[in-house]
Structures are given as structure tokens and as C-alpha cells.
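Report on the following structure.
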Amino acid sequence: MIDIFTTGGTIDKIYFDALSEYQIGEPTVGHILHQAGVTEGFGIHSLMSKDSLEITEDDRKAIAKAVDDSQASRILIIHGTDTMAKTAEVVKPIAANRGQTVVFTGAMEPARMHTSDAVFNVACAWGALQVVSSGVYIVMNGTVFEAGSVKKNRAAGRFESTGNN
């Protein structure tokens, strides 16, 4: 069984007008997996519905606690991209202590948009989760990064290695 923890982020955003007025909607990861034919072997748990810029240190501790409390050896975390790397580093020692494999992913555009990278990122993360060794990873743009060695390049619209590993 794979635990999926959702925290909100762009992947679940619903925009209402041209001024970027939005709210975080229901988690879309279940719908994405079902469309791909993945219908069992996972449980979805919504931890919060926040833009990642609004995630606090207490929220990060709550995410780490959810990982620590999970009986699953493999965990997928849906997270906003702006602070995903920071949260992954908070989770890293917990997962290492428990021998878990944790993969973070998200999207640069909401899953509800036709041009979104959400489906690709979730699919890559789902595949990576099943083959990488224990540890904490960020999967974005078709690349698997180890936590602590990745950053978001906002100008380029992608994640890049920092060369720290």
C-alpha cells in the first residue's frame, strides 16, 4: 500500500478570474491515477490545502509527523513547487530513520488546465516511487532529484540540480 499525502499547491488550484483569484480545490491525484488505470494499492490523505508559499514550519512538522506515523514504506507527497524542496529536507531524516521511500511532486500549472504538467509529473513520481531505493526524492520535469540537491528555477519554469549530491 502506498500512502499519498496531499498538501495543496498549484496542482489543485482553481482560478476564478484574470486577476489570479484562486482557491485550492479537492486533490486531483486520485483522478489522475484512475485515468492512468491505477485504481488500487494506495490511500489518499489530505493534510492541508495550501499554496506552498503559505506552508509554515508547523505545517512542515505536521507533514513530517504524517510520514513518521505512516505504516507505508512508500509515500507520495503532492506539494506546491515553491517550497517543496524545503519540506523534503524536513522529511528526509524521518524517512531515513524509518527506511521509507518518499517522493514529492507537484505541478507548475493546475491539473485542471489543458497544458498542465501535472499528469506527467504524477506519472513519473508514481513510477519512481516503485523503483528508487529508500530516501526522499523530488520528481519534476521527468527527473528524479535527491532531496537536498534540487532547487526550483522559477525563471526557467523547471527544477534543477544544485550539485550537492
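The values are calculated or read from the model by the stated rules, or taken from the named source; none is laboratory data. None of the values given here were measured: they were computed from a predicted structure. Ideal geometry is used to build each Cβ from the backbone, glycine not excepted, and the neighbour counts take in all protein chains shown.
Under 24 Å from Asp51 (Cα atoms), of a type in the set (Asp, Glu) and under 16 Å from the mean Cα position of the chain (by Cα) - does that describe any residue in the range 113-126?
Scanning the range 113-126 turns up at least one residue that is under 24 Å from Asp51 (Cα atoms), of a type in the set (Asp, Glu) and under 16 Å from the mean Cα position of the chain (by Cα).
Can you pull out every residue in the range 121-143 that is assigned to a helix (DSSP H, G or I) and surrounded by fewer than 16 Cβ atoms within 10 Å (Cβ to Cβ)?
Scanning the range 121-143 gives Gly127, Gln130, Val131.
Say we look at the range 12-36 and pick out the residues that are more than 16 Å from Met1 (Cα to Cα) and of a type in the set (Gly, Ala, Ser); which of these is modelled with the lowest pLDDT?
Looking at residues that are more than 16 Å from Met1 (Cα to Cα) and of a type in the set (Gly, Ala, Ser), I get Ala18.
A quick yes/no check of all residues on (1) in contact with a strand residue (DSSP E or B) (Cβ under 9 Å, 6 or more places away or on another chain); (2) in contact (Cβ under 8 Å) with a residue 60 or more places away in the chain; (3) on the phi > 0 side of the Ramachandran plot:
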| site | (1), (2), (3) |
| --- | --- |
| Thr6 | yes, yes, no |
| Asp12 | yes, yes, no |
| Glu21 | yes, no, no |
| Thr39 | no, no, no |
| Ser70 | yes, yes, no |
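Looking at (1) more than 17 Å from Gly8 (Cβ to Cβ); (2) touching a residue at least 12 places away in the same chain (Cβ under 8 Å); (3) touching a helix residue (DSSP H, G or I) at 6+ places or on another chain (Cβ under 9 Å), which one does Pro93 not meet, given that it meets all the others?
It fails just one condition, (2).
Among (1) in contact with a Ser or Thr (Cβ under 6 Å, 6 or more places away or on another chain); (2) modelled with pLDDT under 95, which single condition is Glu40 missing?
(1)
For Ala107, state whether it is without any contact (Cβ under 8 Å) to a residue 40 or more places away in the chain, among the small types (Gly, Ala, Ser) and either surrounded by fewer than 19 Cβ atoms within 10 Å (Cβ to Cβ) or outside any strand (DSSP E or B) (or both).
So Ala107 fails the test.
Within the range 132-150, can one find any residue that is among the hydroxyl-bearing types (Ser, Thr, Tyr), farther than 25 Å from Val38 by Cα and at pLDDT below 95?
yes
Determine, yes or no, whether Met113 is modelled with pLDDT under 95 and among the aliphatic types (A, V, I, L, M).
yes
I need the full set of residues from the range 144-165 which are assigned to a loop (DSSP other than H, G, I, E, B) and closer than 17 Å to Ile11 by Cα, in order please.
Arg154, Gly157
When you go through Asp82, Asp58 one by one, which is the residue that is surrounded by fewer than 18 Cβ atoms within 10 Å (Cβ to Cβ) and touching a Ser or Thr at 6+ places or on another chain (Cβ under 9 Å)?
Selected residue: Asp82, the only one of Asp82, Asp58 that is surrounded by fewer than 18 Cβ atoms within 10 Å (Cβ to Cβ) and touching a Ser or Thr at 6+ places or on another chain (Cβ under 9 Å).
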